[in-house]
Structure formats: structure tokens, C-alpha cells
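Below is one structure, written out as C-alpha cells; comments come after it.
No value in this document is a laboratory result; all are computed from the given coordinates. This structure is a prediction, so every number in the text was calculated from the model and none was measured. A quick note on method: Cβ atoms are made from the backbone with ideal geometry, for glycine too, and the neighbour counts reach across all protein chains shown.
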Amino acid sequence: MNDKKKVIVPIGPYHPLLEEPEFFALYCDGEKVVDVEWQAGYNHRAIEKLSEGKHWDQVTFLVERICGICSTSHPFAYCNSVEDLLDITVPEKARYIRCIIGEMERIHSHLLWVGLAGHFLGYNTVFMWAWKYRESILEMFEMITGNRNHYAMFKIGGVRRNIEDEDIPALRKVLKDIRAKLEMLTHAVLDDPVLGARLKGVGVLTKGHIKDFGAVGPVARASGVDIDIRRDDPYAAYPAVEWKVIKTENGDVFDKAVVRLLECMESVRIIEQSLDAIEGSKGDIENQVREMPVGEGIGRHEAPRGECFHYVRSDGSNSPVRHKIRAPSYTNIPTFKASCVGQMIADVAIILAGVDPCYCCTERVAVYDADKKNKKLFGFSRLVEMSREKTERMRKQV
Amino acid sequence: MNLKMKALKKSLWVYHLSGGSCNNCDIEILDCLTPRYDIERFGMVLVGSPRHADVLLCTGIVNKKCVERIKEVYDQTAKPCVVVAIGACACSGGIFRDGYQMAGPLNKIIPVDIYIPGCPPKPEAMLAGIVKLLEKLK
Amino acid sequence: MKVLETLKEKLGERIKDIKIHNERRIYLTVEAGDIKECAKIVFRELDARYIIASGADNFDSFEILYHFGFDSIGTVISLRVFLARENPGIDSLSDVIPGISYIEREMWELLGINFAGHPGLSHFLLRDDWPEGNFPLRKSIKTDGANSE
């Protein structure tokens, strides 16, 4: 461990694009990856323990700060779990507002992914454009909730703020614009021969791998595993609106990209229908909770990256006795063991990115030369560079 | 003003360092790069190595596992180097202050020059902070 | 509730207690010694999806809940086992469910539960030089990591 420490940091694997530090060791034979090792904890913040010392209502703010990209998913799942414990329902309007916030987050998260994936492949234009479109969604968040991220919209029993009728026209306009942009992006990805050559057949995950590692979300759906918590375990207003689960069969990085882009279009549909439902409605937005019974509850939400799982247990006091959180990346990241092995080093950056590992987890990649035993290390930036060189080579061939 | 500071001020190269954050501040830092905010017009570039950096943008609580690495990164930067603490966590520990994994806040680990509070600070706030920093360097 | 009937039939005597919270949330208590067989039946034969395992400190005992999802009907089945307070230990499921090894490592370091047959129990989230015997998720440890005993 010690010599790893010494080598990793000087290379500066803190890549400009990725955030949370995470350590992966790739064991290589020549250009081929033989094994991958995952070391977590650089971002461990003791949230499960902190949650035991907070009031039930305060925990929503704490779980919001698990991740800045999915800052609705965790409160969503947490509120679902506490409502399961309490056995209460949420007013209709609040259910639609929850859906709107959840789906807006999905769009911004997937756009963020598309941008970063483009960056890894050397398409910086995609990065700039996708993030520019994303900005309009963040603006809407600011208008509705008062903050660009960490919206604090969720509350046990309902939502904290209303979506006012006067906000809806602006929201509709943004959705209309973003739909056109998404269509353009989807075609740009599907029709590009270089992207096809670069991404098809890379980092393939079979149904067996998905089952073994318990992978969820777009990663599973790209491999033909038909799971989506929004449909399977209906909650909020998802059963009341019309949408479909996107699924492809090949399991490579290309399919993952397709699933994500098409999912954004479905999200737009869900939001539009939800807006129709709440426009002009004067309903309540929360059910007051006065007392906490003894018991346990499980709540799930289909976050942009897959199923987000919360388990809470109450002894009737002010704070949870146990609060277990499972983010989707926790089961998605170990699939690297299956998807990276046997691949070229130059492809590793995009395979790691293909899982959308809560975008942070792919930070520290070190490459070991298995033959020489002495550790030859590349930073993540070097991997991205190699990935771009490969795209460049293929661009010339196509 | 000495020559070093004069050179430093012309074009700040920033390096982004996360010590256990919720990555929201980090995303907002990246947002500064994109067309809406575009910090490159101030001559700022995000670089991939601390050895090229004039400014360290630090986010997160600094947890016990990465504290050595953060010190090491700071040692590797060319001096003079300005350290910016971005977000409530880096400034004070934020909501994670009481946890067992907390080693920070940042100013206990490395010297910090300016603080940009917020959870997360808006990109505008970061730009305003950097402008103040440029004035301070005069 | 067809799934519950199937489970009752397959697991038979091994089920010690059934708690039906509602039709989508079912908790089954089994003996710690039977967990491997039960997991095999639920995960392989009934083709449930492994979600996660959550460990908890109950003051007088330890508890692990293995959550499995039956996605076609949206049900979460949780297999509950209780472990002794002193030297808690249970069989590792890593040969049945490959993806479970990380959460077992996590429970090992945060709660001090030993997993027999796990391929590599080493520090995962905490520092390698974390004080021995300090398991942060145990109730005797304060939030800031200090031992109150």
C-alpha cells in the first residue's frame, strides 16, 4: 500500500474532469488489462453514522449531500423508506412534483455524462455543448427551488416547495428546447462512424455479469436486463404517467450511451405530463407527520445511475437507529472486473466512464506492468490521452 | 510586487483537488469552464498536474484517508501557490464536521488563502472569489 | 404473495420468523448457519437480484439483513440473521454472489463482523492504520470515532 501511495499522487491523477478520488489498479500484460483492483474510501464521509445522530427531518439534508449530481435521488429514496415505515401516502400534487424534480435531475445527469464521455474520446465539442444545454435545466432548478444543486425539495410526507403556476410556461419552453437538442445529440452519437467504431463491442457486460454483480440502471438495461424501479416498484406519480423503459441488448459502451440519451427523451415526456397534471391544481403538497412508530422501512428510487436503496430502522425516537444507504454505483463499479479485463488500456477510460460511476469514482487509475514487476504508472490523464489517440487513429481509418 | 507575483497574476493555472466532497462543488468548478461562465477568458486554465498549478481549488472535508495525499499535492505545486477553499465543507467541515472520517477542515492541513463558502457556491461566486484573489495578489 | 408461498416451500424449516410489512416488503428470519443455503436458493434458484446487505448493531446482538429484489413483482425480500455479541461471525457469501464481497469487507471493518471464507478481508473504506478494535458503526463508538466504553 505504501509504495502505491508514493507513486499515485505525483502523477496527478486528479484529472480536471473527474472529482471524487477513487483508486483503481489495473494489472496489465503489455497493452492488455489482466485484472482490476478497486480501492474506495477516499470519499468516505461517515454518513451512515452521522445519520444516527440527526433528526428524521434533518437526514433529508444529509443524504442530499451524499452526491452532488444525484442530490434528489437519495432524499427521494430516503423519503420513500420513511414513508414505507410510517405507512403514509403523499398528496397527489406532491407526487407529481417529486417526479418532475427526479426526472429533471435525470436529464441533467445524463447530459453531464454525455459531455464527459465525449471529452474522454477527444470530442471536446460534445463536452461544451452538452454542458451548455444542461445549464438551462440547472437554471430551471434555481427558479423552482432556489438552488442550482442540492434543491432541498423533499420532505417526509411531501415536498417542501410548490411549483407555482407562473413558473410552468418557462419550464415548458426549456423542455421544448432541450428535446430538440437531445434529438440532435442522439443522432450525432448514433450516426457517427468513429464513435461506432470506438464504442461498439467495447467493455461488454453480459446478462450473467449483471446478475453476478447486481448491477442496476442503464448499465443493466444496456445489457438487456429489464429492470426499472419506477415501473417495477411503482411510487410517486410514475404509474400515472405514460413512459417506457429503454432497453438494448449488446451491453457495450455504445449501448449504454444510447440508453442514456433515449432515457432523457422519456424524462421529458414524464415531466410534460406531470406539468399538465399539476397546472392549476390547488392541492396540498405535504402530509404532516407527528409521530415516529417503531419499525423498519425500505425505500427505492431509480436514480440516473440505477436503483438507489435506503433502509431505515426506528425505535420510536427522534433519529434513526440504523440507516443503510446503497448508491447504484456501489454495485455498478465492481463490474469493471468483468468489463475491463481483456481490453486495451486505451479503452479503459471510456469503459470506466461507461458505467457512469457517480462520476467521481474513476479518479485514480494506475497501470501496473505485470511482466516487469516494477510499477509503471500512468495517471488518469494519460489514459484519457491514450483514449484520444486511439480515436484519432480510427478517425483516419474510417 | 516581486517578479514572481507579477508573472503569477497574468494567467492563473488552476488545479482541482477533491478531499472527500459530495462532488457538487467540483461539478460547479467544471461548470466555470463551460461556455456559460468560461473562465478561460480570464486566462485561467484547469491543468492536469499540480506541478503546473498556480492555484489549488480544494473542495471537500479532507478525510482521513486522503490527508497525506493532499499534503503531498500541496508540496508538489510550484510556489508561490494560492490555495482556495471552495464550499462549506472545505471552509469549515459543513454537515460532515462531526463524522469519524473528518481530518480537516482544509486550513488545518495546508495554508488557505481565500474561502468561498456556499453549498455549493454558484459559479458566479467562484468567479467573484477569484477576482478578489487577483486584487489581493497586487 | 405467491413469492412468499414459493419461499416457504423452498426454504421450509429454515424460516424461523416471517414479518410481512406489506406485500412488497417481506422480512424472513433464518439461522446464521443456514444463510449460505438460503442465499443459494433465493439468488440462484429463484433468480432474485442481489441488492445489498445491511449490518446493524442491536446492543445485545448483531444483525445482518440480506436484501434481494424480485423485480418482476417489485418485492424486496430481506433475509435476517442474528449474530452473537461476542466475536460475531458468519459464512461469507462471496462464492454464491460475487458482487457481495465489497459489502462484506465494509461490514467487517465498520461493524467488526467476521466473514468465514472471504477471499480478502482488508480495510476498504478506512485507513490501513485505523485503530484495531474500533468499529465506527458500533453503538459504543461515538460519531467522531472515539470509544465511549
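Of note:
- Extension gain from C:Asp17 to C:Asn147, taking 0.36 nm per residue of separation minus the Cα-Cα distance: 43.4 nm
- The mean sequence distance of close C-alpha pairs (under 8 Å, at least 6 residues apart), as a share of the length of chain C, puts its relative contact order at 17 percent.
- Three-way shape call for the protein assembly as shown based on the alpha-carbon gyration tensor, with the a/c threshold at 1.5: rounded
- Exposure proxy order (Cβ contacts within 10 Å, fewest to most) of C:Tyr102, A:Tyr151: C:Tyr102, A:Tyr151
- Given A:Lys211/A:Lys337; A:Lys211/A:Lys247; A:Lys155/A:Lys324; A:Lys132/B:Lys136; C:Lys16/C:Lys139, the pairs whose alpha carbons are separated by over 22 Å: A:Lys132/B:Lys136; C:Lys16/C:Lys139
- Relative contact order of the range A:47-327: 31 percent, from C-alpha pairs under 8 Å at least 6 residues apart in sequence.
- Under the span-like rule (Cα at least 18 Å along the axis, Kyte-Doolittle mean at least 0.5), DSSP H helices of chain B: B:123-136
- The B:Lys4 and A:Asn287 beta-carbon pair, evaluated with R₀ = 51 Å, returns a calculated FRET efficiency of approximately 0.25.
- Compactness of the range A:72-220 as Cα Rg over 2.2 N^0.38 Å, two decimals: 1.24
- Antiparallel DSSP beta bridges within chain C, percent to nearest 5: 75
- Largest first, the three principal axis extents of the alpha carbons in the range A:182-270 are 40, 36, 13 Å in whole numbers.
- In this rough spin-label picture, where each label sits 7 Å from Cα along the Cβ direction, the A:His55-C:Ile73 distance is 4.1 nm.
- When the GluC sites (Glu not before Pro) in the range A:160-197 are filtered for DSSP coil states and for at most 14 other beta-carbon atoms within 10 Å of their beta-carbon, the remaining sites are A:Glu164.
- Lysine pairs within the range B:1-131, Cα separation less than 17 Å, 8 or more sequence positions apart or different chains: 8
- Counted over the protein assembly as shown, the DSSP beta bridges are approximately 65% antiparallel.
- The range B:14-138 - percent relative contact order, Cα under 8 Å, separation 6 or more: 27
- The range C:15-149 - Rg and Dmax from Cα coordinates, angstrom: 15.4, 47
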